[in-house]
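Okay, so here's the structure we're looking at.
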Amino acid sequence: MNTHIDTVTISHEAALDAVRASIEAGAAIGVPVSATVVDPALGLVAYARADRTPPHSIETSRRKANTAASTRRPSGWMQGDFAVGLPLGTGNLLTNIRGGVPISFGGTLVGGLGIAGGTPDQDIEIATAVLVAIGADSLPG
């Protein structure tokens, strides 16, 4: 019987870098954003929001980060009934709105990043740019 397991998670330094890069990437395209980084167990590691960010983006960015960390995929991939059922079945911890990306280094998942404040297309553009800025693995495809 194992008495414990080792887990891997994003460091607070890398999470803060991701949040900072998110706000800067949003500002570069004129979009104030909220940025959330969670660990693989969906624990909050870092969060910030730019001035004039819509109030609902606080929770939306967290749910996008949760979805990416939990499913190991960018948010927004769910289809049909699953797109409604999974958020409802998780008490709205997860979402199907684009803008969340898994954060991996060298193929190892360390967390999820969620961006909210722009359109879903702007949010995923920012999130993808942040992965590059922090040296994380790029999204497949």
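Each value in this text was obtained by applying a stated rule to the coordinates, not by laboratory testing. On a predicted model such as this, the values are computed, not experimentally measured, just so you know. Cβ sites come from the backbone with ideal geometry, for glycine too, and all protein chains shown count toward neighbours.
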Tell me which residues, restricted to the stretch 91-141, are of a type in the set (A, V, I, L, M, F, W, C), surrounded by 24 or more Cβ atoms within 10 Å (Cβ to Cβ) and more than 20 Å from Leu42 (Cα to Cα). Ile126
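Filter the stretch 67-76 down to residues that are in a helix (DSSP H, G or I) and surrounded by 24 or more Cβ atoms within 10 Å (Cβ to Cβ), then give me how many there are. Step through it out loud before you land on a result.
Going through the stretch 67-76, the residues in a helix (DSSP H, G or I) turn out to be 67-71.
Next cut, surrounded by 24 or more Cβ atoms within 10 Å (Cβ to Cβ) only: 67-69.
So the count comes out to 3.
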Residue pairs meeting the criteria (Cβ under 8 Å; at least 6 apart or on separate chains; first on the phi > 0 side of the Ramachandran plot, in the stretch 85-107; second β-branched (Val, Ile, Thr)): Gly99/Thr60; Gly99/Ile115; Gly99/Ile124; Gly99/Ile126
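For (1) of a type in the set (A, V, I, L, M, F, W, C); (2) free of Cβ contacts under 8 Å to residues at least 40 places away in the same chain; (3) out of contact with any Leu (no Cβ under 8 Å at 6 or more places or on another chain), each residue gets a yes or a no:
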| site | (1), (2), (3) |
| --- | --- |
| Ala21 | yes, no, yes |
| Ser34 | no, no, yes |
| Leu44 | yes, yes, yes |
| Thr67 | no, no, no |
| Thr71 | no, yes, no |
| Pro74 | no, no, no |
Restricting the search to the stretch 14-48, which residues are within 14 Å of Glu59 (Cα to Cα), crowded, with 16+ Cβ neighbours inside 10 Å and not hydroxyl-bearing (Ser, Thr, Tyr)? Val33, Ala35, Val37, Val38, Leu42, Ala46, Ala48
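Can you say whether Thr60 is surrounded by fewer than 20 Cβ atoms within 10 Å (Cβ to Cβ) and either over 21 Å from Val8 (Cα atoms) or out of contact with any Ser or Thr (no Cβ under 8 Å at 6 or more places or on another chain) (or both), as far as the supplied structure shows? Lay out the reasoning, then the answer.
Numbers: surrounded by fewer than 20 Cβ atoms within 10 Å (Cβ to Cβ): no; either over 21 Å from Val8 (Cα atoms) or out of contact with any Ser or Thr (no Cβ under 8 Å at 6 or more places or on another chain) (or both): yes.
Considered against the rule, which asks whether it is surrounded by fewer than 20 Cβ atoms within 10 Å (Cβ to Cβ) and either over 21 Å from Val8 (Cα atoms) or out of contact with any Ser or Thr (no Cβ under 8 Å at 6 or more places or on another chain) (or both), Thr60 comes out as no.
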Pairs please, first residue from the stretch 118-141 and under 18 Å from Arg62 (Cα atoms), second anywhere and surrounded by fewer than 19 Cβ atoms within 10 Å (Cβ to Cβ) and of a type in the set (Ser, Thr, Tyr), Cβ atoms under 8 Å, 6+ apart in sequence or on different chains. Thr128/Ser138; Leu131/Ser138
Would a scan of the stretch 43-56 turn up a residue that is out of contact with any strand residue (DSSP E or B) (no Cβ under 6 Å at 6 or more places or on another chain) and at positive phi? yes
Taking only the stretch 10-40 into account, find how many residues are out of contact with any strand residue (DSSP E or B) (no Cβ under 6 Å at 6 or more places or on another chain), closer than 17 Å to Thr108 by Cα and part of a loop (DSSP other than H, G, I, E, B). 1
Quickly run through the stretch 90-126 and pick out the residues that are under 30 Å from Asp6 (Cα atoms), out of contact with any Pro (no Cβ under 7 Å at 6 or more places or on another chain), small (Gly, Ala, Ser) and outside any loop (DSSP other than H, G, I, E, B). Ser104, Gly114
